Protein chains: 2
Amino acid sequence: MASVTEFFGKPLEAINVGLAGFARSLESQGVPVTEVDFRPPPFDVSRLVTTPTGADVEAANREAVRRIMSGRANVVGLARARDVVPGMHERVILHAGPPITWDRMCGPVRGAVIGACLYEGWADTAEEAAAMAARGDVTFDPCHHHHTVGPMAGIVSPSMPVWIVENSAFGNRAFCTMNEGLGKVLRFGAFAPEVLERLRWMENTLYPVLDKALRSIPEGIDLKAMIAQALYMGDECHNRNRAGTSLFFRTIAPALARTCPDRETLAKVLEFIDANDHFFLNLSMPAAKVLTEPAEGIEGSSIVTTMARNGTDFGIRIAGLPGRWFTAQAGKVKGLFFPGFSEADANRDLGDSTITETAGFGGMAMACAPAIVKFVGGRPQDAIDATREMYEICAAEHDTFLVPSLDFRGTPVGIDVRRVAETGLSPRLNTGIAHKDPGIGQVGAGLLRAPISCFVDALTALAGQDQ
Amino acid sequence: MASVTEFFGKPLEAINVGLAGFARSLESQGVPVTEVDFRPPPFDVSRLVTTPTGADVEAANREAVRRIMSGRANVVGLARARDVVPGMHERVILHAGPPITWDRMCGPVRGAVIGACLYEGWADTAEEAAAMAARGDVTFDPCHHHHTVGPMAGIVSPSMPVWIVENSAFGNRAFCTMNEGLGKVLRFGAFAPEVLERLRWMENTLYPVLDKALRSIPEGIDLKAMIAQALYMGDECHNRNRAGTSLFFRTIAPALARTCPDRETLAKVLEFIDANDHFFLNLSMPAAKVLTEPAEGIEGSSIVTTMARNGTDFGIRIAGLPGRWFTAQAGKVKGLFFPGFSEADANRDLGDSTITETAGFGGMAMACAPAIVKFVGGRPQDAIDATREMYEICAAEHDTFLVPSLDFRGTPVGIDVRRVAETGLSPRLNTGIAHKDPGIGQVGAGLLRAPISCFVDALTALAGQDQ
């Protein structure tokens, strides 16, 4: 490889501050972060200041976080994916994470693909569906290529209704299916008759009722304000969504009462939402997506705009190189398992839900949600420490998402691949765990870190050193 | 006064452990409680072991906290006070706090009494109502003498609907009116036409709709479980009730949908609850009342079963002397004031809502609710410290109400007047602030401590030294 100065024609400024980030933390918090697993910077241009094309990285990053923080995220209605998701045609299936082919897909994604083929009526049996998919009769594409996000397997097929979330500050939209609940559900790879029956009820009853109510509310429902409130109420809005679900329920219920003519249907819709504390996840995710997308394409920015997993690969994209995925093997989740299941049953890390961390909540806001450790493991102090550590790798503190227990400090927002490379700290994630085989469903929830090599690879590419 | 041994005929064991309580705290928390304002024990029998009648105080207190913790609190319906509150006849008005006569009533209580007389149609003007009250045409009685609690002025007149909360473990019931919202409301002393109009809508529309829905739910709604959940969601269920209100809303909404035939009425009922994050206060209070009452009358117990203020006096009752109030002047609240108001406008401490602290939440659970400091003042660390300090004066840690941020430690429960006397620490309270004049309403919210002399007086009486 040519040296940096020869290669770019202009000198790169590389400042290796070593432990400075760590010291910064101590200074601002007045408390030692004892659990930081500090490793030496794995990449020698971790303080990239100017890109080969002359872009000022700091200025680009300031613009990226300005856009991420200043956006809006209002859910305005729902529609079938085929009618509203750009590029969605009759035989396309969207999936979570970076691009992947059928032969490399993990069990739960295959299970959910089979479920979608059955749900759409493209196949009558699981075997037929699998054969179709293997033959290439279905086109696979990442949700993220279609302004869409999906938790776990993230499967979206043309008939599935999706939430429509608008960012009126930047004029973009994002989409996500409705949350089905926990346990035996499509997104965890299950495709039993009751899974498909629930999806059909969601399409035929839940969707039109919710859509009608939402469209009766001028400007829809402000999810950004709701997330900010939920962070005051013990959620981090990724794996704990009880407050978000409650606030959404409160806000939409009067509109539902006015627009749903049948009382029993109304009661069933309300019960369905009330029965599922993760209902809000499929709203917090497209909110995160719609807030982060405007940062895509800012030349020279080293801020992460996408983190996503397909259960085989983990991938990121950065603002300065929006078209490129940087991938590594998806990690193993350390977690709490449902009775009867163990780590041996667990699929690797899966889903687009890490868009929440990308937007400055989820794992970034663990300190808001000490009770989440009952679901994902660890102790409440670990939740506080997780947020504190994430300030090390983020470019800003959020002006709207605040952490009461940290004296209303803003959440860490805008993961900077330079800081990840510099500190050796990769983003902390919390996640559900799917069974590794198709057709089973969720087996637990837990914690892990993103694989660091993606971040180093993205930085290498931004520095023009990947040729 | 006779000496202790002479007076009782048998020796009293008095152990003065001095700083032991403080040391206990350090030991169990591993963190110094730096803000403890320690004062020497103000009373020399602060370690009363046996009462003059031979009751074992420790054993009695164990029974008291066992009863307080093992009760249930299900809201099963509503009824007009006259139809359900024992001892409520046609010209009685219940008020918050210890007994008081019209001539000593503070402004906001007088305002609320005037409002109740107008609401009941007993008077046509405020002047007429005040004259009636002064003449003795109305009987005043504390809510607490009728298994009832009321926030702030706590006024309950015969036509007002009250929640019915049942403790099936002990067979007792408690009552409380519905929460009207914030600002210009009866409980803060306002009686303008819009205040009375709202009360009438609550009586004629809200009450029957909610009652019908509740009675359709077998066993009603479990408020104890809901409080436990709300403590995981940033509420302390006294001055922060956003989570409790949300959870109650979620739980009752499907039943409302099934039992309310008119869609617009249903929508208005849902909107009324959604618009008031304090709606749940009037459920958490009777829950606390129904949980603490079974401890009343346990011979020899020094556990507080009632703390209440009428805006003039602060009063407590203890389990071992259930019929007696021990009172002192109500305190001044240090708080945050609404724009246009200041401390000069503030009435003294007011309301029965300190039943929440008595039952082991509210001020006892401040550590659950760091965001509350935006409403009552202080910093999030103060909220943590407040709970930590309260372990010093409580007999137990709750087995159901837990504090996530303190590693799921139980909230302090069962205020022991001996410990208050020993440590010089009186219970910390957080509260709304009423304007001192009748007819105005709420002007802020804040923090204070209960006057310590009530606790010393109760202990003195339990020791038989008050003659």
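Restricting attention to segment A:362-382, the residues that are within 14 Å of chain B (Cβ to nearest Cβ) and touching a residue at least 40 places away in the same chain (Cβ under 8 Å) total 12.
Does B:Ala267 meet the test of being buried (at least 23 other Cβ atoms within 10 Å of the Cβ), at pLDDT 95 or above and more than 21 Å from the chain's Cα centre (by Cα)? Lay out the reasoning, then the answer.
Numbers: buried (at least 23 other Cβ atoms within 10 Å of the Cβ): no; at pLDDT 95 or above: yes; more than 21 Å from the chain's Cα centre (by Cα): yes.
The answer is no for B:Ala267.
Applying the criterion of being free of Cβ contacts under 8 Å to residues at least 40 places away in the same chain and of a type outside the set (Val, Ile, Thr) to the residues of segment B:384-401, the residue that is farthest from B:Val57 (Cα to Cα) is B:Met390. Please verify whether B:Pro412 is within 14 Å of another protein chain (Cβ to nearest Cβ) and crowded, with 20+ Cβ neighbours inside 10 Å, treating the condition exactly as stated. It is false that B:Pro412 is within 14 Å of another protein chain (Cβ to nearest Cβ) and crowded, with 20+ Cβ neighbours inside 10 Å. Within segment B:252-297, the set of residues being under 23 Å from B:Gly71 (Cα atoms) and out of contact with any helix residue (DSSP H, G or I) (no Cβ under 7 Å at 6 or more places or on another chain) comprises B:Leu281, B:Asn282, B:Pro286, B:Val290, B:Glu293, B:Glu296, B:Gly297. Residues in segment A:334-349 that are among the charged types (D, E, K, R) and within 23 Å of A:Pro412 (Cβ to Cβ) were compared, and the one that is surrounded by the fewest Cβ atoms within 10 Å (Cβ to Cβ) is A:Lys334.
Residues of segment B:397-409 that are more than 10 Å from chain A (Cβ to nearest Cβ) and crowded, with 23+ Cβ neighbours inside 10 Å: B:His398, B:Phe401. Could you tell me whether segment B:107-117 includes any residue that is at pLDDT 95 or above, farther than 30 Å from B:Asp437 by Cα and part of a helix (DSSP H, G or I)? No, because not a single residue in segment B:107-117 is at pLDDT 95 or above, farther than 30 Å from B:Asp437 by Cα and part of a helix (DSSP H, G or I).
Rundown of residues vs (1) crowded, with 24+ Cβ neighbours inside 10 Å; (2) out of contact with any Pro (no Cβ under 8 Å at 6 or more places or on another chain); (3) among the β-branched types (Val, Ile, Thr), yes/no style:
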position: A:Glu271; (1), (2), (3): no, no, no
position: A:Thr292; (1), (2), (3): yes, yes, yes
position: A:Glu299; (1), (2), (3): no, yes, no
position: A:Asp313; (1), (2), (3): no, no, no
position: A:Leu321; (1), (2), (3): no, yes, no
position: A:Phe326; (1), (2), (3): yes, yes, no
position: A:Lys332; (1), (2), (3): no, yes, no
position: A:Gly351; (1), (2), (3): yes, no, no
position: A:Thr354; (1), (2), (3): yes, no, yes
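Here the helices (runs of 4 or more DSSP H) wholly within segment B:243-361 that include at least 1 residues being among the small types (Gly, Ala, Ser), within 14 Å of chain A (Cβ to nearest Cβ) and more than 21 Å from B:Val109 (Cα to Cα) are B:263-274.
Can you say whether B:Asn167 is more than 14 Å from every other protein chain (Cβ to nearest Cβ), crowded, with 22+ Cβ neighbours inside 10 Å and either among the hydrophobic types (A, V, I, L, M, F, W, C) or within 30 Å of B:Asp399 (Cα to Cα) (or both), as far as the supplied structure shows?
On the way: more than 14 Å from every other protein chain (Cβ to nearest Cβ): yes; crowded, with 22+ Cβ neighbours inside 10 Å: yes; either among the hydrophobic types (A, V, I, L, M, F, W, C) or within 30 Å of B:Asp399 (Cα to Cα) (or both): yes.
Yes.
The values are calculated or read from the model by the stated rules, or taken from the named source; none is laboratory data. Please read all numbers here as calculations on a predicted model, not as lab measurements. When we count neighbours, we look across all protein chains shown, and the Cβ atoms used for this are built from the backbone with ideal geometry, even at glycine.
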